[in-house]
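Heads up, the thing below is written out as structure tokens.
The values are calculated or read from the model by the stated rules, or taken from the named source; none is laboratory data. A quick note: this is a predicted structure, and the numbers were derived from the prediction, not measured. Note: ideal-geometry Cβ built from the backbone for every residue, glycine included; neighbour counts use all protein chains shown.
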Amino acid sequence: MSDITPATLPGDDFVAPDCDALLKILYQDDDILLINKPSGLLSLSGKNPRNWDSVHYRLVHGQKGMSPAFPKAILPHRLDFGTSGLMLVGLNAASAQHLNKQFQTRTIQKRYVALLEGWVGDDHGKISAPIAKDKNQFPRVKICHITGKEAISEYTVMQRLEQPRRTLVQFTPHTGRTHQLRIHSQSMGHPILGCDLYSSDFSEGKADRLLLHASDLCFEHPASGAQLHRQCPCPF
């Protein structure tokens with residue numbers, strides 16, 4: 001996901017801190033899992049052995065409180081390290097391929113909840129700002145109208161909070177660029193609290209995690225064809 005998909009490590013020398021929080025299975029059948037990923041857990045294992053702990057590793061090898069393991073689990077859907085919430089998992093190759101096609105054709109609808117710095121002025125809005133890799137500041141991306149790829153995010157204000165001023169918003173991304181919601185939030189002058197890449201607040205103690213949560217998924221079941229809408233309550 002990207003905040004959307006694909007997920008990225010913060011950098012080649014990054015070592016993820018230990019994540020004691022467990023991923024939770026919210027739905028399971030013969031073809032798919034829906035899980036709640038905790039913030040601070042990688043979606044896929046990194047090359048560094050200290051970054052082996054991940055959603056995929058825990059599914060394949062099992063984790064405390066999860067029995068049995070899912071050795072054939074495939075992740076057509078990923079979330080960034082700091083993002084929590086809903087992830088869709090394929091339990092066989094056919095299901096994963098079907099889900100992957102849905103993500104590629106943008107027929108899966110995703111919604112996120114985020115807590116932003118300051119008060120967002122408009123109750124509703126659309127951000128259309130193309131995104132490109134920032135070769136000088138990997139793994140950051142940048143808004144670039146010359147080389148950037150199309151990126152569109154809609155938002156709805158859910159609540160405006162005081163002391164300090166913050167805005168709880170629901171995001172609906174219509175594209176899946178890396179760090180899309182993070183860079184789009186920054187571009188409108190209201191970075192996501194706890195963002196270590198696009199906001200300075202992380203080091204100031206305002207948030208101890210990225211306050212971005214994948215709350216909703218609407219998709220077609222890869223075997224039955226049923227249209228499903230699943231939700232995961234926001235923890236902040």
Practice task
Restrict the check to segment 13-21 and report whether at least one residue is among the acidic types (Asp, Glu), at pLDDT 95 or above and either out of contact with any Asp or Glu (no Cβ under 9 Å at 6 or more places or on another chain) or farther than 20 Å from ASP196 by Cβ (or both).
Solution key: no
Fill in the blank from the handout: Exactly one of PRO222, PRO235 is closer than 20 Å to SER43 by Cα and either in a strand (DSSP E or B) or at pLDDT 95 or above (or both), and that one is PRO235
Practice task
For ALA207, state whether it is farther than 22 Å from GLY85 by Cβ and either hydrophobic (A, V, I, L, M, F, W, C) or in contact with a strand residue (DSSP E or B) (Cβ under 6 Å, 6 or more places away or on another chain) (or both).
Solution key: no
Fill in the blank from the handout: For segment 37-54, pairs from a residue that is at pLDDT 95 or above to a residue that is among the β-branched types (Val, Ile, Thr), with Cβ under 6 Å and 6 or more apart or across chains, are LYS37/VAL55; SER43/VAL55
Practice task
State whether the residues of segment 153-175 include one that is within 19 Å of ASP134 (Cα to Cα) and of a type in the set (Ser, Thr, Tyr).
Solution key: yes
Fill in the blank from the handout: Considering residues that are of a type outside the set (Ser, Thr, Tyr), within 13 Å of SER84 (Cα to Cα) and in contact with a His (Cβ under 9 Å, 6 or more places away or on another chain), the number found within segment 20-74 is 1
Handout entry: Any chance HIS184 is within 19 Å of the chain's Cα centre (by Cα) and within 30 Å of LEU228 (Cβ to Cβ)
Key = yes
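Residue-by-condition table, conditions (1) under 15 Å from the mean Cα position of the chain (by Cα); (2) surrounded by fewer than 16 Cβ atoms within 10 Å (Cβ to Cβ); (3) more than 18 Å from LEU41 (Cβ to Cβ):
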residue	(1), (2), (3)
TYR155	no, no, yes
GLN159	no, yes, yes
GLU162	no, yes, yes
GLY194	yes, no, no
SER199	no, no, yes
ASP208	no, yes, no
ALA214	yes, no, no
Fill in the blank from the handout: The strands (runs of 3 or more DSSP E) lying wholly within segment 118-191 that contain at least 1 residues that are hydroxyl-bearing (Ser, Thr, Tyr) and within 21 Å of ASP80 (Cα to Cα) are 152-161, 166-173
Exercise for the section: Output the number of the condition that GLN163 fails; it satisfies all remaining conditions of (1) modelled with pLDDT of 95 or more; (2) at positive phi. Expected result: (1)
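The rows are residues; the columns are (1) hydroxyl-bearing (Ser, Thr, Tyr); (2) surrounded by fewer than 16 Cβ atoms within 10 Å (Cβ to Cβ); (3) at pLDDT 95 or above.
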site	(1), (2), (3)
HIS56	no, no, yes
HIS61	no, yes, no
MET66	no, no, no
ALA129	no, no, yes
